[in-house]
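Below is one structure, written out as C-alpha cells, with a few remarks after it.
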Amino acid sequence: MSAAPSKTAAGRFFEDFRVGQTMRHATPRTLNAGDASLYSALYGSRFAVPSATTFAQAIGYPVAPIDDLLAFHVVFGKTVPDISLNAIANLGYADGRFLKPVYPGDTLTAASGVIGVKENSNRQSGVVFVRTRGFNQRGEAVVEYVRWVMVRKRDVEAPAPPTEVPELPAAVAPHDLGAACPPIDVAAYDFELAGSPHRWGDYAKGERIDHVDGVTVEEAEHQIATRLYQNTAKVHFNQFSEAQGRFGRRLIYGGHVISLARALSFNGLANAFHVAAINGGRHVAPLFAGDTVFAWSEILDAAPLPGRDDVGALRVRLVATKNRPCQDFPLRVGEDYEPSVVLDFDVWVLLPR
Amino acid sequence: MSAAPSKTAAGRFFEDFRVGQTMRHATPRTLNAGDASLYSALYGSRFAVPSATTFAQAIGYPVAPIDDLLAFHVVFGKTVPDISLNAIANLGYADGRFLKPVYPGDTLTAASGVIGVKENSNRQSGVVFVRTRGFNQRGEAVVEYVRWVMVRKRDVEAPAPPTEVPELPAAVAPHDLGAACPPIDVAAYDFELAGSPHRWGDYAKGERIDHVDGVTVEEAEHQIATRLYQNTAKVHFNQFSEAQGRFGRRLIYGGHVISLARALSFNGLANAFHVAAINGGRHVAPLFAGDTVFAWSEILDAAPLPGRDDVGALRVRLVATKNRPCQDFPLRVGEDYEPSVVLDFDVWVLLPR
Amino acid sequence: MSAAPSKTAAGRFFEDFRVGQTMRHATPRTLNAGDASLYSALYGSRFAVPSATTFAQAIGYPVAPIDDLLAFHVVFGKTVPDISLNAIANLGYADGRFLKPVYPGDTLTAASGVIGVKENSNRQSGVVFVRTRGFNQRGEAVVEYVRWVMVRKRDVEAPAPPTEVPELPAAVAPHDLGAACPPIDVAAYDFELAGSPHRWGDYAKGERIDHVDGVTVEEAEHQIATRLYQNTAKVHFNQFSEAQGRFGRRLIYGGHVISLARALSFNGLANAFHVAAINGGRHVAPLFAGDTVFAWSEILDAAPLPGRDDVGALRVRLVATKNRPCQDFPLRVGEDYEPSVVLDFDVWVLLPR
C-alpha cells in the first residue's frame, strides 16, 4: 500500500530547479467556439477580428482566430503545476511572441525550459526564469515567452542551485513581429464596422490614451476565467486558506487583469486587432474582487514591419489601475508606482496601415 | 502628437442627434454554439426548439436556432456606443419584429436610423427615437425594432434639434408575424418532450398565468451576460462610479430582466417556442444584484397567422417583479405601477396549433 | 377562460407516485463544444481525454467525449420537474452506469420509471425510488441510474401508495463496466501529457489520497452550472423564498459538489479518465456559497474488466468536505459523519493498465 504523497503533485520548490531543465506540461486542451464565447463574455472584448468570422475572412484569415490572450492564458495555465505551484509572486514577463494564429479546433500543449535561477538573500526563496512555448496539434509553436517567478524553498537549508540570470531583450525587435498575422487585405478592412477610423499611422510616439471605462471584478468571474485556462494556482480559488494568508483574500490571476485592460483598450485602440508581442510586464499590485479596473495606454514606439505594407506595429505601454480613473495617466510617484497601479504591461500590437 | 480625446469615443449627446441620421454600428459578432450554451446557462431556458437540434429539425428548422432574445440583445448591444452611452434611461420599445431565424455560425451586424428627437423641458436632456435593424452575413434583416432613450446633453445651452415624435403602432399586426418561423410540421412536434400539452388554441384572451418560480440575480451573472452581448453601457459594470450615482449600485441591463422573465415563462407557456414580435416594453423600475425576479403573463390577444395553419400567435403581457411572488398578478396601484414591478413587456409569441 | 393552475406545472407530490409509473421528461438538449467549455470553466477539470481532441483520438475515441458527469447532470436535470420539484432531500444514488460515450452534437433526452415508494412514519412525506435512463438522438441509452428522494405530500391525509422498496446492488459488477469506453490504445496514452505516471496497477485497495486543493464556491457559479443542466429545483435559485426556508440560504445542487470533488481528484487520480459507474452516493450535508470544498479518495477495490487488457477499474470512495482540508481523511466520528463532510460518493473509474 503506497503512501498518498506519491500520487499527489506537491509542485517544485526553488531548490528543485536547475538551468537546462525541460518540462512537458499537462493537460492538452482543444480550444473551440465555446472558449471564444466565454472569453468574450468574461471580458467584453470588441476587437472585430476575433469577434466575427466574416470580418476576419474578409481581410485574410481562414476563420476568426482565437483571441491572442486566451491562447496565452491557456499555455500559461499549463505551466503552473510544474513551475509556480509554490510561487510567492509572478514577477515579470519578457520576450513574448505570438508565432502562429490559433483557430477554433486547435489543441494546445506547452513545454518550458529553465533559463535562470537566483536564490534570494534571505535564502527562503529564489527567482526562477523559464522560457515557455505553446504548440498546436501539428507541433508548431504558437506562442513563446519568458517569465520569472519567486518560488519558495521546501527546505531553507537546502543548497541553492548555481546562480544564473539570463539576458533578456527590453523589447521584441520589429523584424520578429507578425508571424501570427496573415497578410491583411487593408482595402477590405471595414474601419466603420471595426469601430474606429484610426490606422497605424494615426498614432504618434508619446501619445497617451485614457480608455475611460471601468469594470468591477467579481469572485465568480475571475474564478471561472482562471479555471477556463486550467490554471490551478491555489491563491485564486481557496478562500479558506487565503483567509489566513498575506491578503486575507483570494488573489486575482494577473492574466485576468491583463485581459480586462486589453478589452478596455478597445476604446482608443479599436483597430489594434492583434497582440504580436509581450515585451515585458509587471503585476505591480494585487487585485481583489470588488475592485474596479481602469486603464490607459502610452504609445512607446511605432514601427513598420519589414517587408509588409499591410500592417504596422505600435509599442504600447498598457497601464491598469484599481479604483482610480485614468484621465491623468497615473503611473509613478517619485521612484515608486502610483498606489492605484496594478499592471504595467508592454506590448507590440498590430494595426492596419 | 494628437490629443487623446480624438481616439476615445465619448458617445453622442442629445444635441448630436438629428432625425434622418443613420449609423452603422461596430462590432460584427459571429454567434455560435458557445453563445447558445452561455445563454442557456445564464437563464436556464427550456424551450425545446433552441435547446435541441433534433427537436428543431423534426418540426422543420435546419438546425436549432439561436434564442430570439440572444439575437436581440446582441443587436441591441452594438447600438449602445453610438446611441445610449450617455443615456439616463432606456424608456421603451415598439414595433419589434423578428424577420429571419439566426443560426449558429451567423454573423450579426446592426444599423440604426434616428426617427425622432424631443428635448425635455428642463433642457438638460432629451428623448431620442431610433429604429435599429440587425443583419446576418448575407445582409438579410433578422430583427428590427424601435427604441427610445433619454440622453443627456453635453451642453445645456446647446440648441435642441427640431422636435419630431414618430407615430408608433400599439402592436405589430398579425400579418407581419412569423417571418422568422419556418413552416412547422405540427404532427412532428412532440408536446410531451416539449414539456406541456397546451397548444395555441388552449389559451384564451384574458387568461393570466403565474410563472411561480423566482430567480435571484448575482453581479457576476448580469455582467457576464451583458458582456456576452458586447453591451458596454457603463452603469452595468462600474461600481466605482455607480457608488456615487443615482442608486449607489450597478444597474442590471434591462435585457437581462427580459430574458429572465422569458425563461420563467416556460412554466405555463412551454410551447411558446418563438418570440415573433416585441409590441412594446417598459423597464418600470431598476433591478439590482441580490433581487429575486418573479414573472406572470396575461394573454392580451390570440391571432391566427394569415395563410398558416401550423402556428398561431398569442399577444402576451409579460410582467416581471422583484422580491414579490406573482400569484395575485401585481401590476398597478391606481395610476402607478405596483412598486415591485420591474418590467412590463408586450410580445407576440408563436405556438403550434 | 381557463384558470392559471392548469397551465403551470406544480410537480408531483408523494401520493402521486406509483410503482410502475413511467415518465418521458422534457426538455431535449443538444450538448456541444460550448457546454464542454462552460463545464471546464466551472470546475477546472484537467482530465486529458475530455480536454483534448488529439489526446482522445490518439487512444481511440473519434473525438473528445463530453465529460461523463456533465452528461449525468443534464439527464438528472430533466427529471427534476417530474420527480423532485417538491422534494425535501435527494437521498441517494445507486446502480449508475455509463453506457455510451456522449459526443458534442449529441442530443440527450431522459425517461424514468418509479421502482419504489415508502411513506415516512410522520405521513407528511415519503421516499420515491426511480430508475432514470438518458438517451442520445439514436435512442441508445447513454447513462442509467437509480436515485431516491424524499418528496412532500400535497395532503397529509391522502392515502399512501403501497410500500415497495427495491433491492439495489451495493456496487455495479465489474463485468457491467466499460460500455462507454472504447478500446484504448495504451501505447498511445501519453502519461506525461496526462499529468501523472500512475496506471491502474499502481493503486492498491485501501490506499487513501488527499487531493490537497480547495475551491470556494460562489452563488453565481452554482447557479450558472445548475441552469446549464436545465435543473429547475427552486432551492438553488430563489433567495427570496429560501430566506424563509430551512437554511435561510440557497442550497447548492448536490451534483455541483460531485463535479467539484471529481475535478479536485485529478491531483492524485489524473489518469482516471472515465467515470464508469456510480455505485452509490450521499449528500451528507448541505453546501452553501462561500464554503470551500476539499476532497480525498480511498481506493475501495480494483478490478480488471473481463476481456479487456487496456483499462482497469478502481472503485473509489470520493469524499468531499467543506472548510476543512483532508490530510487526515475525515469521514466518521463514531456512527455519524464528521461534521465537515458534505459528500460520500462511491464510483468506479477507469485507468489505463
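The values are calculated or read from the model by the stated rules, or taken from the named source; none is laboratory data. Keep in mind it's a predicted model, so treat the numbers as computed, not measured. Cβ sites come from the backbone with ideal geometry, for glycine too, and all protein chains shown count toward neighbours. Each accessible area value is taken on the protein alone, full model and side chains, heavy atoms only, with ligands, DNA and RNA left out. Shrake-Rupley method; radii C 1.70, N 1.55, O 1.52, S 1.80 Å.
For the range A:49-175, the relative contact order is 26 percent, taking Cα pairs closer than 8 Å that sit 6 or more residues apart in sequence and dividing their mean separation by the residue count. At C:GLY113, label 7 Å along Cα→Cβ: distances to the other copies, nm, ascending? Ordered by increasing distance: 6.3, 6.3 nm. With K and R counted +1 and D and E -1, the other residues having a Cβ less than 14 Å from that of B:ARG246 yield a net charge of +3. Pairs of alpha-carbon atoms within less than 8 angstrom and 6+ residues apart define the contacts here; what relative contact order does the range C:267-353 have, in percent? Computed value for the range C:267-353: 43 percent relative contact order.
Sorted shortest first, the distances from the B:ARG246 label point to those of the same residue in the other copies are 4.2, 4.2 nm; each point sits 7 Å from Cα along Cα-to-Cβ. Per residue of chain A, the DSSP helices (runs of n ≥ 4 H) give a summed -39500 (n - 2.57) that works out to -4500 deg cm²/dmol at 222 nm.
Decide, for the protein assembly as shown, between rounded, prolate and oblate: order the square roots of the alpha carbon gyration tensor eigenvalues as a ≥ b ≥ c, take rounded if a/c falls under 1.5, and otherwise choose prolate if a/b is larger than b/c, else oblate. Since a/c reaches 1.5 but b/c is at least a/b, the shape of the protein assembly as shown is classed as oblate. For the residues A:ILE66, C:ILE88, a 1.4 Å probe over the protein chains yields an accessible-area ranking, largest first, of C:ILE88, A:ILE66. Each Lys or Arg adds one and each Asp or Glu takes one away; over the other residues whose Cβ falls under 13 Å from the Cβ of A:HIS175, this sums to +1. Suppose we compare each residue of the range C:265-280 in its chain alone and in the full protein complex with a 1.4 Å probe; which ones drop by at least 40 Å² of accessible area? Listed in order, they are C:ASN267.
Students often forget the sequence filter, so: which lysines lie under 20 Å Cα-Cα from C:LYS205 once same-chain residues fewer than 8 apart are removed? Candidates past the 8-residue exclusion: A:LYS7. Among B:9-19, C:255-265, sorting by the average number of other beta carbon atoms lying within 10 angstrom of each residue, highest first, gives C:255-265, B:9-19. Summing charges over neighbours of A:GLU338, with a neighbour being any other residue whose Cβ is under 13 Å away from its Cβ, gives -1 when K and R count +1 and D and E count -1. This model, with +1 at the C-beta of Lys and Arg and -1 at the C-beta of Asp and Glu, gives the protein assembly as shown a dipole about its Cα centre of some 240 debye.
A 1.4 Å probe over all protein chains sorts A:LYS205, B:LYS153 by accessible area into A:LYS205, B:LYS153, starting with the largest. For the range A:184-198, a drop of 30 Å² or more in accessible area on going from the chain alone to the assembled protein chains (1.4 Å probe) is found at A:GLU192, A:LEU193, A:HIS198. When the other protein chains are added to the chain by itself, burial of at least 30 square angstrom of heavy-atom accessible area (probe 1.4 Å, ligands and nucleic acids ignored) affects these residues of the range C:217-246: C:GLU218, C:ALA220, C:GLU221, C:ILE224, C:ARG227, C:GLN230, C:THR232, C:LYS234, C:PHE237, C:ASN238, C:PHE240. In straight-distance terms, cross-link reach from A:LYS100 covers every one of the lysines whose alpha-carbon lies under 25 Å from its own, apart from those fewer than eight places away in the same chain; here that gives A:LYS78.
Surface composition of the range C:190-302: carbon plus sulfur atoms contribute 51% of the solvent-accessible area (1.4 Å probe, protein chains only, all chains present). Could you tell me what percent of the accessible area of the range A:1-146 is made up of carbon and sulfur, with a 1.4 Å probe and every protein chain present? That share works out to 53 percent. Summing both sides, the accessible surface hidden between B and A at a 1.4 Å probe radius is close to 3400 Å².
A DSSP coil position with no more than 11 other Cβ atoms inside 10 Å describes the following chymotrypsin sites (Phe, Trp or Tyr not before Pro) in the range C:239-296: C:PHE247. Sorted shortest first, the distances from the B:ASP336 label point to those of the same residue in the other copies are 5.1, 5.1 nm; each point sits 7 Å from Cα along Cα-to-Cβ. Per residue, the accessible area of chain C comes to 33 Å², computed with a 1.4 Å probe over protein heavy atoms only.
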